[in-house]
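The values are calculated or read from the model by the stated rules, or taken from the named source; none is laboratory data. As the structure is a prediction and not an experimental result, all values here were calculated from the model. Note: ideal-geometry Cβ built from the backbone for every residue, glycine included; neighbour counts use all protein chains shown. SASA here: full protein model, heavy atoms, side chains in, ligands and nucleic acids out. Shrake-Rupley method; radii C 1.70, N 1.55, O 1.52, S 1.80 Å.
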Amino acid sequence: MLHELSLRVDDSRSGERLDRHIIRNLPEPAPARARIQAWIRQGRVLLDGVTCLKPSQRLAAGQRVQINLPDQSKDLEPVPGKLDIVYLDRDIVVVNKPADLSVHPSSSDTRPTLVHYLLHKCPGLTMQADKQRPGIVHRLDKDTTGLMVSALNQEATEDLSRQFARRTVDKKYLALVWGLVQKDQGRVELPLGRDPQNKTRMAVYREGRAARTSFRVLKRDPQGLYSFLEVKILTGRTHQIRVHLSHSGHPVAGDRVYGGTEWSRAGLKKRFLPRLAKRQLLHAWRLGFRHPVSGQWLEFSTAMPGDFIRSMLWLDRKCQKVIITGSAGCGKSTVMEYFRQRRYPVFSADESVSDLYQPGRDGWVMLKKRFGSRFVPDDDQPVDKKMLMAAVIQEPLLMEEIMHLVHPLVQSRLEEFWAKHSDRRLALAEVPLWFESGMAEQDCLNVGVFCPDFLRRQRIYADRGWTGEVFERLDKLQLPQPEKMRRCQLLLDNSQEKDRIRERAAALDRLLQGLRRKNARILLQHIKAMA
């Protein structure tokens, strides 16, 4: 059996394409544009009583469009499937809808829907008047998760429909959105309608229907990447939350339609986020209404989905920044070599200085301007570090001046290193003069490598060929070893055989992993407690 829809073209729609005009005026959810075009080519559309087979036909004001809609009265077939049922009685069922599941059949998706699964679980649904959407009194978008109530008989359907129409149902959502939402709470009141440029989308549209959305901020990311919101809709328009939040400059993370997949918003983490947020991170987490028969107020809530938690854990995860420091000959480089072999990002202040001393580099230019050819004898040669070291030993005040010139350059490179590896679990920097240079930061874990002075002497004499005088003078240019170790949070003992320091480095690696896991557990507890 066919039923007919008749439309009259307004003056404001003169010149509009036939297929666009039909999709604009069909009740929601409108079929896909390709389906409308197929109807036209099948001869289902009459223009002023004459069959029109051209979807692109331009309309004139006053013309009459008649559409013979396909028969949709055929009963749906029940399909067995897994449902997360939160509540069930003889009148209603409350389910926790998963992502990638449409609520009811549509022309754009032929896969089983929530209705198909409900028909199998609750056979009484087949007795309802609406054969295509039995018991459905509200909807969630295909990739929105969370609580839905469905009526199991016609009486319950009519009562719940009235509650939704009168806005007495309490619906609250959780949303992970991009950017820093400044207000602790607020409301968006903007009319919504079909996007004139793309009928599969909704948009803030002056001629649309009134829509009101309120929100409150549950959590702000300290880095400003995202905000976690509780959202309440005071009207029930298609894609309402997604459009309102996107229009406000804070699209729902993972929303492919309204700008939520601009992963560049998350900086270096963009390569991981598509794996975590495979859909819009919007979840209907609370639902309250009156039982359609008993009149009792019922309220349900459901846990935050795993993809929400994983995404927030990832976005909140900070790189564990570790400084390895110590006096000359203590074994720092051996520790760093262990972590380098483990493929962790590693920075060396000494290597950075060597590069800065190459011809034309900033350190080379500064020393050239300040001291002329004293430490840069030839313009095509690097800074003579042996000559510079000899001068520093003889002139202790010279060391302070060199540090004043070079250390800001090293610090700048270190900051670039941290930024480059901000999405890694762990990054380490070996900085011998960490405390002396004034570079020490609050958010770094300082690890000191301790080696007794007599052992440091022996190893430096053997490995570097220093004399006792050189050792003493260079050692005095740094903080005393006990003071350095006192300023560190963790110590590595290198007072035994040389090869034992690698065992200590492995133990440090395990300890750092444990600290990261502990921080993740604390963060997870905090996230779960928010909603």
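Details
- Protein accessible area in the chain, 1.4 Å probe - carbon and sulfur %: 49 percent
- Solvent-accessible surface (1.4 angstrom probe) belonging to Met387, in square angstrom, nearest 10: 80 Å²
- Here the label points at Gln442 and Leu477, each 7 Å from Cα along the C-beta direction, are separated by 3.2 nm in the simple model.
- Label point distance in nm, Glu4-Arg166, each placed 7 Å from Cα along Cα→Cβ: 3.8 nm
- J(HN,Hα) series, the stretch 376-390, from Karplus relation 6.51 cos²θ - 1.76 cosθ + 1.60, nearest Hz, glycine and proline x: 10, x, 10, 5, 9, 10, x, 4, 7, 5, 5, 5, 5, 5, 4
- The chain: relative contact order in percent, alpha carbon pairs under 8 Å with at least 6 residues between: 10 percent
- Listed values (i) -0.27, -0.77, -1.20; (ii) -0.38, -0.80, -1.12; (iii) -0.29, -0.85, -1.21, entry calculated as log10 I(q)/I(0) by the Debye sum over Cα atoms at q = 0.05, 0.09, 0.12 Å⁻¹: (ii)
- Theoretical ellipticity at 222 nm over the chain - DSSP helices of four or more residues, -39500 (n - 2.57) apiece, nearest 500: -10500 deg cm²/dmol
- For the chain, a simple Cβ point-charge model (Lys and Arg +1, Asp and Glu -1, everything else neutral) yields a dipole of about 1340 debye relative to the Cα centre.
- Sequence-separation-based contact order of the stretch 242-393, relative, with Cα cut under 8 Å and 6+ spacing, percent: 10 percent
- Cα lying deepest toward the dipole's positive end in the chain, options Ala390, Tyr117, Gly259, charges on Cβ: Tyr117
- Surface per residue (accessible, 1.4 Å probe) for the chain, Å²: 50 Å²
- Rounded tilt (10° steps) of 332-341 against the dominant C-alpha axis of the chain: 30 degrees
- Cβ-Cβ FRET estimate between His404 and Ser12, R0 fixed at 56 Å, reported to 0.05: 0.20
- The GluC sites (Glu not before Pro) of the stretch 425-481 that meet both conditions, a loop assignment by DSSP and at most 16 other Cβ atoms within 10 Å of the site Cβ, are Glu441.
- Loop-located GluC sites (Glu not before Pro) in the stretch 224-303 whose Cβ has at most 14 other Cβ within 10 Å (DSSP): Glu262
- Cβ crowding within 10 Å averaged over residues, with 197-203, 524-530, 407-413 ranked highest first: 407-413, 197-203, 524-530
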